[in-house]
Amino acid sequence: MKPIPFCLLTLLAGAAWGSAAAAEQPASAHGWQQSQETDTARAMTFTRFTLVGQFTKSPQNVVPNRPALIVDCIPAKESGSSKGRFLAGSLHVGSPLKIKYVEPEEIHGTSYFPKVEVRYRTDDGKEEQEKWSPLSEKEKTAASVPKDALKKILRARSVAITAEDERGSPVTMQFAMPNPADVEASCNVD
C-alpha cells in the first residue's frame, strides 16, 4: 500500500471542512442579522437589521447578491427615550428598478416624484400595491419601505414582493419572516 502524500490529505480535509462550514452558513442566514453602523455625516450610531430572501423570478441583469430587507433603528440609549426609534426600512434588489414619475396631489410647478411600483403579499393574504420611493436619486437598486408596510411585513410568516426591473420585467422575491421581536423592540415599530 502506498502512503498518501500529506498535501493530498490536507486538501481533502480542507474541502470537507469547507463544505461543512458552507452547510452551516444558510442556517444562520434565516434570521435577522444585527449589526452596529455609524453614519459619520450625521455623527450617529444606529442598529441595522438585515434579512436575506431569495428570488423566485430573478432580474434580467446578473445580480451578485440575494434580495434583502434592511431596517435601521436608533437604539434607546441614542434616541433619548426609553424605546428605540425607527430610522428607515428598505428593500435591496441589487438590480436597477423601473422608476415611474408620479404627479403629486398638489402641484407647485412641474415637479414629479420618482416611485417604484411594488406589489406584496403577506402569508396568504390579499396582494397590496403601493408606490415606494427609490432609496436615493442615484441608488435605483433599492426602495424605501414605508413604516406602515413594514409593520405588516414584520407580522407575517412569509412575504412575496414583486417589482419591475428597468426593462419592465417582473422581479419576484420571497422572504421567510423570522420572529420580529428584536426588530420591533429595537425600532419601536410594534
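What follows draws every value from the coordinates through simple rules; no lab data is involved. These figures come from a predicted structure and were not determined experimentally. So basically every Cβ, Gly included, is an ideal-geometry build from the backbone, and we count neighbours across all protein chains shown.
The simple spin-label model puts a point 7 Å past each Cα toward its Cβ; for Gln60 and Gln36 those points are separated by 4.5 nm.
Tell me the Kirkwood hydrodynamic radius of the stretch 47-190 in angstroms, computed as one over the mean inverse distance between distinct C-alpha pairs.
15.9 Å
Here Lys77 is the anchor, and the lysines within straight C-alpha reach of less than 30 Å, apart from those fewer than 8 places off in the same chain, are Lys147, Lys151, Lys152. From most to least packed by mean Cβ count within 10 Å, the peptides 158-164, 137-143, 36-42 give 158-164, 137-143, 36-42. Annotation: for a label point projected 7 angstrom from Cα along Cα→Cβ of Asn179, residues of the stretch 29-47 with backbone N closer than 13 Å are 31-32. A cut-off of 5 Å between modelled amide H atoms, ignoring neighbours fewer than 5 places along the same chain, links Val171 with Ala163, Glu164, Asp165. Across the stretch 33-187, the mean sequence separation of Cα contacts (distance under 8 Å, 6 or more residues apart), normalised by length, yields a relative contact order of 24 percent.
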